[in-house]
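Following: one structure in structure tokens, then a few remarks.
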Amino acid sequence: MKVGGVVVGPCGEKVGYSDAVEEEGLNAGGKKLEGVYIKWLIGKNDNAKVFALRIIRMEPGSHIPAHRHPWEHEQYILEGEGVFRIGSRKYRVEPGMFLYIPPNVEHEYWNTGDKDLVFICLVPLKPSASEEELSC
């Protein structure tokens, strides 16, 4: 991986290396999740209007508990392996796989490997779905 800076250009564009973005602990329900970290590559602070682009890193054995929200997720696995539960189904994930999680569908993640599980997570900045819960 290259390590470099981040440049914000005259039109508001942002270009850089993910290594230059500070990682922070991921919180759920006001509680820090053990061994789970997030990098906000692009978000509200960058004047993005539609999407936030994030990288999630989960240490071996870590878990993101079951949750749901009124927006969709698009995810792409970069490194590691794990199990993602979406609705009632569990999926083994590994590098090169992508996932779409519909709004209001309960989901959770486990790193079941012996290396970090790293994935890109794209979410809208404003929820666009109704509060209707989906069960599947």
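The numbers here are math on the coordinates, done by the rules we state, and not lab data. All values reported here derive from a predicted model rather than from experimental measurement. Don't worry about glycine lacking a Cβ; one is built from the backbone with ideal geometry, like all the others, and counts go over all protein chains shown.
Taking a ≥ b ≥ c as the square roots of the eigenvalues of the Cα gyration tensor of the chain, is the shape rounded (a/c under 1.5), prolate (a/b larger than b/c) or oblate?
Numbers: a/c = 1.92, a/b = 1.24, b/c = 1.55.
Cα axes put the chain in the oblate bin.
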Item to check | Inter-label distance, nm, simple model (7 Å from Cα along the C-beta direction), Glu79/Glu108 | outcome: 2.6
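Just to confirm the filter: which trypsin sites (Lys or Arg not before Pro) across the stretch 89-129 are DSSP coil and have at most 16 other Cβ within 10 angstrom of their Cβ?
Values: sites: Arg89, Lys90, Arg92, Lys115; in loops: Lys115.
Counting only loop positions with at most 16 other Cβ atoms within 10 Å, the trypsin sites (Lys or Arg not before Pro) in the stretch 89-129 are Lys115.
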Checklist outcome for this item: the stretch 15-136: relative contact order from alpha carbon pairs under 8 Å, six or more residues apart, as a whole percent, is 28
Item to check | Residue-span extension gain [Val8 to Tyr91] - 0.36 nm each, minus C-alpha spacing | outcome: 26.1 nm
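Please rank Lys49, Lys32, fewest neighbouring Cβ atoms within 10 Å first, as an exposure proxy.
Details: Lys49 8, Lys32 11.
With the sparsest Cβ surroundings first, the list reads Lys49, Lys32.
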Next on the checklist: Can you give me the long-range amide H partners of Trp71? Hydrogens built in the peptide plane at 1.01 Å from N, cutoff under 5 Å, separation of 5 or more residues or another chain.
Outcome noted: Asn104
Checklist entry - Using modelled backbone amide H atoms (1.01 Å from N, in-plane), which distant-in-sequence or interchain residues come within less than 5 Å of Ala48's amide H? => result Gly43
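Beyond a 20 Å Cα-Cα separation, which of these cross-linked pairs lie in this structure: Lys32/Lys90; Lys32/Lys126; Lys14/Lys39; Lys44/Lys115? Can you show the working numbers first?
Values: Lys32/Lys90 24 Å; Lys32/Lys126 23 Å; Lys14/Lys39 15 Å; Lys44/Lys115 31 Å.
Correct reply: Lys32/Lys90; Lys32/Lys126; Lys44/Lys115.
Dipole of the stretch 44-128, Cα-centred, from +1 at each Lys and Arg C-beta and -1 at each Asp and Glu C-beta, to the nearest 20 debye? Please report the intermediate quantities before stating the final value.
Working: 11 positive and 11 negative charges, 70 e Å.
With only Lys, Arg, Asp and Glu charged at Cβ, the dipole is about 340 debye.
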Checklist entry - What is the distance, in nm, between label points placed 7 Å from the Cα along the Cα-to-Cβ direction at Leu122 and at His69? => result 1.7
Checklist entry - If amide H atoms are built 1.01 Å from N in the plane of the peptide, which residues on other chains or at least 5 residues away come under 5 Å of the amide H of Gly113? => result Gly61, Glu81
Checklist entry - When a footprinting reagent is the concern and you count Cβ atoms within 10 Å, what order do Leu26, Leu117, Leu122 take, fewest first? => result Leu122, Leu26, Leu117
Checklist entry - What longest range of the chain stays clear of loop-exposed GluC sites (Glu not before Pro) (DSSP non-H/G/I/E/B, at most 15 other C-beta within 10 angstrom)? => result 24-130
